[in-house]
Amino acid sequence: MNKVLIVRLGALGDLVHTLPAAAAIRREFPRARIDWLVDERHRELLDLVPIIDRRLAIRTSSAASLVDAIRELRRTHYDVALDFQGLLKSAVLARSSGATRVIGFPVPLLRERTASVFYTETAGVDAAHIIKKNVSLLRAVGIQHSAIEFPIEIRKPEIADAARNRLGIGERDPFAIINPGAAWPNKRWAPVYFAEVAVLLKKRRGLSSIVLWGPGEERLAQDVVDASQGAAAVSPPTTLAELVSLAKAAVVMVSGDTGPMHVAGAVGTPLIGIYGPTSPERNGPWASRDLIVSRFDQCQCHYQRQCHAKCWCLLEISPREVMDLVDERLEGLPTHA
């Protein structure tokens, strides 16, 4: 197998969950050319992944961009195209690449069943965690078992100094990250709860907290800081490369089920995940020592972006419950960043 195309357009957390499969292909076929077709909004993560030979970024909302991408793909003459997304759009793009083999998941595992029409073959199993499901697709190319690796480079270590400056702490002092945002409104724990965790982090562990924010979330981060009694500060604006480096420098991250949390987990940051509408068994942190608090079993809006229940399940999770998990996760770990 000389030329491989990975099709995983987005989103950020899903790209992270596909990286171990890409790493497994590189280990098994060290001389292969590995290209990745990605939505341009998420290309920045792949720029930090050295095992990828070419990143083909497209605007999925633009017909012209799609046509240009297909024309470019067909020039390469791929041996295999692997569709990890399981959507009609991703399957069409995989097939349109002209690859000799177009591989996707079986119909029961697809997000859109019509995607199956465009595959030449299927593989994969419904594993408990999405990472294992993705790796199982590689059985079609002879990869049966694989260690889980996340080949992400750390390129912007100076962002940690900027965060410490905002917190008013020393250049080697440890700090925590709080990530209150999420694309789905019902994944967002209450800002005042995050603020109380920041207060407890300061009282119990002596840790100041930097509060992350993405596009449109700076006010949310400021609300956490305003209620934190001086225990937290708003993060500087961050590129994805800076987010990776900032997470790597932190001693712990407290977050809902979001892309930044999965990025942090991929670089080894200890995690406390807060889960409601999504399953932590399927979408939770990969490292066995990372901890989660979940109300998925009680949630009435599984995998829906808006909460339609009278009682929002995440509000039943208390800050002290989360902080107790932080104490458990950090037990025995060094206290330097």
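Assorted remarks:
- From the C-alpha gyration tensor of region 254-337, square roots of 5λ in Å: 25, 14, 9
- Radius of gyration and maximum dimension Dmax of region 1-135, Cα, Å: 13.5, 38
- Put simply, when 31-37, 217-223 are sorted by average Cβ atoms within 10 angstrom per residue, most first, you get 31-37, 217-223.
- Relative contact order, percent, region 255-307 [alpha-carbon distance under 8 Å, six or more residues apart]: 33 percent
- For the chain, the mean residue ellipticity at 222 nm estimated from helices alone is -9500 deg cm²/dmol, where every DSSP H run of n ≥ 4 contributes -39500 (n - 2.57) and the total is divided by all residues, rounded to the nearest 500.
- For region 6-77, a Kirkwood radius taken over Cα pairs fed into Stokes-Einstein (20 °C, viscosity 1.002 mPa s) yields D = 170 µm²/s.
- Remark on S208: its backbone amide H falls under 5 Å from those of A176, a criterion applied only to residues 5 or more positions apart or on other chains, H modelled at 1.01 Å from N.
- Pairs of lysines in the chain whose Cα atoms sit within less than 27 Å of one another amount to 18, provided the residues are eight or more positions apart or on different chains.
- Principal semi-axes in Å for region 209-267 [√(5λ), Cα gyration tensor, largest first]: 19, 13, 11
- Against the empirical 2.2 N^0.38 Å (N residues), region 130-214 has a Cα radius of gyration ratio of 1.57.
- Spin-label model distance (nm) - S288 vs E72, 7 Å beyond Cα toward Cβ: 4.2 nm
- Of all DSSP bridge pairs formed entirely within the chain, close to 0 percent run antiparallel.
- Expressed as a whole percent, the accessible area of the chain that falls on carbon and sulfur atoms is 48 (1.4 Å probe).
- Taking all Cα pairs closer than 8 Å and separated by 6 or more residues, the relative contact order of region 103-209 comes to 16 percent.
- Taking the inverse of the mean 1/r over every pair of distinct Cα atoms in region 55-162 gives a Kirkwood hydrodynamic radius of 15.5 Å.
- As a length-normalised measure over Cα pairs under 8 Å and 6 or more apart, the relative contact order of the chain settles at 15 percent.
- Kirkwood hydrodynamic radius over Cα pairs of region 189-313, then Stokes diffusion coefficient at 20 °C and 1.002 mPa s, in µm²/s: 141 µm²/s
- With protein chains left intact and a 1.4 Å probe, residues in the chain average 44 Å² of accessible area per residue.
- Ranked by how many other beta carbons lie within 10 Å on average, peptides 132-142, 45-55 from highest: 132-142, 45-55
- Cubic angstrom per residue, convex hull over Cα atoms of region 169-260: 89 Å³
- Size descriptor, Kirkwood hydrodynamic radius, that averages inverse alpha-carbon separations across the chain, Å: 20.8 Å
The values are calculated or read from the model by the stated rules, or taken from the named source; none is laboratory data. Please read these numbers as outputs of a predicted model, since none were measured by experiment. Methodologically, a virtual Cβ is constructed for each residue, glycine included, from the backbone with ideal geometry; neighbour enumeration extends over all protein chains shown. Accessible surface is based on the protein model in full, side chains and every heavy atom, while ligands, DNA and RNA are left aside. Shrake-Rupley method; radii C 1.70, N 1.55, O 1.52, S 1.80 Å.
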